[in-house]
Amino acid sequence: MNKELIGRRVALIGSHIDGTIIDETAFMLTISTPTGNRRVQKKGHTFTIDGAPIDGAALAGKPHERAKIR
């Protein structure tokens, strides 16, 4: 996935974490939830972003680096 993630709706599959992505680093997502901000490691998790399931390993790396790979 080479699109910008910040501002998109996300849910962590197998967890009760869902909300809006507010920050992204190479290996972490920060998700704004009704109970506060949660930092989640990308690798090892599966996310639903805008309704589509995505393996976190596919999101690993900085956004501008992902764009070069694809």
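Key figures
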read-out	value
Those residues of the stretch 16-50 which are touching a residue at least 12 places away in the same chain (Cβ under 8 Å), open to solvent by 40 Å² or more (accessible area, probe 1.4 Å) and assigned to a loop (DSSP other than H, G, I, E, B), in sequence order	THR25, PHE27, PRO34, LYS43, GLY44, HIS45, ASP50
Enumeration of residues in the stretch 51-61 that are open to solvent by less than 60 Å² (accessible area, probe 1.4 Å) and either over 13 Å from SER15 (Cβ atoms) or part of a strand (DSSP E or B) (or both)	ALA52, ILE54, ALA57, ALA58, LEU59, ALA60, GLY61
Residues being open to solvent by 40 Å² or more (accessible area, probe 1.4 Å) and part of a strand (DSSP E or B) - total across the stretch 1-15	1
The one condition in (1) hydrophobic (A, V, I, L, M, F, W, C); (2) loosely packed, with under 13 Cβ neighbours inside 10 Å; (3) modelled with pLDDT of 90 or more that ILE69 fails to fulfil	(3)
Residues (over 9 Å from the mean Cα position of the chain (by Cα) and closer than 11 Å to VAL10 by Cβ) located in the stretch 29-45	SER32, THR33, ARG38, HIS45
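The values are calculated or read from the model by the stated rules, or taken from the named source; none is laboratory data. Quick caveat: nothing in here was measured; it's all calculated off a predicted structure. Glycine gets a Cβ as well: all are built from the backbone with ideal geometry, and neighbour counts include every protein chain shown. Heavy atoms of the whole protein, side chains included, go into the accessibility calculation; ligands, DNA and RNA do not. Shrake-Rupley method; radii C 1.70, N 1.55, O 1.52, S 1.80 Å.
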